[in-house]
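The values are calculated or read from the model by the stated rules, or taken from the named source; none is laboratory data. Just so you know, these numbers come straight off a predicted model, no measurement behind them. As a convention, Cβ positions derive from the backbone with ideal geometry for all residues, glycine included, and neighbour counts pool all protein chains shown. Just the protein is used for accessible areas: all its heavy atoms, side chains included, with ligands, DNA and RNA removed. Shrake-Rupley method; radii C 1.70, N 1.55, O 1.52, S 1.80 Å.
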Amino acid sequence: MAEVARVQSALLEWYARQARDLPWRRTRDPYAILVAEVMLQQTQVDRVIPKWHAWLQRFPSLADLAQATRADAIRAWQGLGYNLRAVRLHAIACQAVAEYGGELPRTVPELMALKGIGRYTAGAVACFAYEQPVAMVDTNVRRVLSRVFEVEPSDVEKLADQVVPPAAGYAWNQALMDLGATLCRAKRPLCLVCPLLAECGGPRPSARTKPAAGAFQGSRRFLRGRILDALRHHERIALVDFGEPEIVERMAAEGLVEISFDGYARLAL
Ligand code: SF4
């Protein structure tokens, strides 16, 4: 099993350099974080960003949301889909106003006592708003932790709480999410450029790809030349646009090109 302290320091160092700049990472307002988490549950980040700003402008606080009608909330949710989430948020706001004076409580059990908040969302609010070192496990985090520490996905919850660094829970959880969303993808994880490559016990299909012999070597050289030509003419190219992304990954491992955390290749600077 990977050594926890080394995984922690490699991942935190990567996050310090590569963290995605997301607007909800610039606030510690529990309500704003709750809204982001609920929106992100079934909607992609780039679609959530404008909706998150618009929602907070329309309902700046839990009290504002609780004063609105459920129909207002559903209307404001338009364009995000899965509208029951708007109903849940409205119900949470009403309960928080009735029972907590318009604030969200700080602990996971108290947050889970609010109808509509599950363990994951409770962990996100406790950690991202109140900086408590608690774990939260969604699909991406489950995949990353089960690969890195070689445990069954069904056993990740137990492990997740044990590996949160007590002094850096916020960055750790955000980093796990970033890694799962960008490099440690379900299909074709970008292991060769992953900060956990040396520690991780999980798959690295590209790294395991053995150089082929004979004529294929020629075609591999040809492809490498074409890739470099393309990158000379374009500032960056999405990895998914290459027919042979594992060749680009290998070139990144060799220092010829760089692959950004969001999956774009460019010539190494
Ligand atoms: S080395 Fe590969 S499997 Fe392991 S965490 Fe990184 S991307 Fe995921």
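Please identify the longest segment of the chain free of exposed GluC sites (Glu not before Pro), where exposed means a DSSP state other than H, G, I, E or B and no more than 10 other Cβ atoms within 10 Å.
On the way: sites that count: Glu3, Glu235.
Answer - 4-234.
Within the chain, all pairs of alpha-carbon atoms sorted by distance into 5 Å bins from zero give the percentages 1, 6, 12, 15, 15, 13, 11, 10, 7, 5, 3, 2, 1, 0, 0.
For every helix of n ≥ 4 consecutive DSSP H residues, a contribution of -39,500 (n - 2.57) applies; sum these over the chain, divide by its total residues, and give [θ] at 222 nm rounded to the nearest 500 deg cm²/dmol.
On the way: 14 runs with 150 residues, N = 269.
It lands at -16500 deg cm²/dmol.
How much length is gained on full extension from Ile74 to Leu228, taking 0.36 nm per residue of separation minus their Cα-Cα distance? Once the chain is fully extended between Ile74 and Leu228, it gains 50.5 nm.
Structure remark: mean-square fluctuation, Gaussian network model of the chain, C-alpha springs under 10 Å; the largest value among Arg106, Arg26, Arg58 belongs to Arg26.
Shown for the chain: the carbon plus sulfur share of the solvent-accessible area, taken with all protein chains present and a 1.4 angstrom probe, equals 53%.
Modelled label positions at Asp64 and Lys158, each set 7 Å beyond Cα in the direction of Cβ, lie 4.6 nm from each other.
Write down the Kirkwood hydrodynamic radius of region 29-128, to one decimal in angstroms, obtained as one divided by the mean of 1/r over all alpha carbon pairs. Write down the numbers at each step before the final one.
On the way: mean 1/r = 0.0755 Å⁻¹.
By the Kirkwood definition, the hydrodynamic radius is 13.2 Å.
In Å, the Kirkwood hydrodynamic radius of region 220-267 over pairs of distinct alpha carbons? Result for region 220-267 stands at 10.3 Å.
Residue by residue, region 144-161 carries 3J(HN,Hα) couplings of 4, 5, 5, 6, 4, 9, 6, 10, 5, x, 6, 9, 5, 3, 4, 5, 4, 5 Hz when phi is fed to the Karplus relation 6.51 cos²θ - 1.76 cosθ + 1.60 (θ = phi - 60°); x denotes Gly or Pro.
Extension gain for the segment Arg220 to Ala54, taken as residue separation times 0.36 nm less the Cα-Cα distance, is 54.9 nm to one decimal.
Just the number please: accessible area per residue for region 220-267, 1.4 Å probe, all protein chains included, in Å². The partial results should precede the final answer.
On the way: 2730 Å² over 48 residues.
Accessible area per residue, region 220-267: 57 Å².
The modelled label-to-label distance between Gln44 and Ala268, using points 7 Å beyond Cα along the C-beta direction, is 3.1 nm. For a paramagnetic label modelled on Ala253 (point 7 Å from Cα along Cα→Cβ), amide N atoms under 17 Å away belong, within region 161-201, to 183-185, 188-201. Average accessible surface for region 29-128: 47 Å² per residue, computed with a 1.4 Å probe over protein heavy atoms with every protein chain in place. Scanning residues 5 or more positions from Val257 or on other chains, those with amide H under 5 Å from its amide H are Ala252, Ala268, with H placed 1.01 Å from N in the peptide plane.
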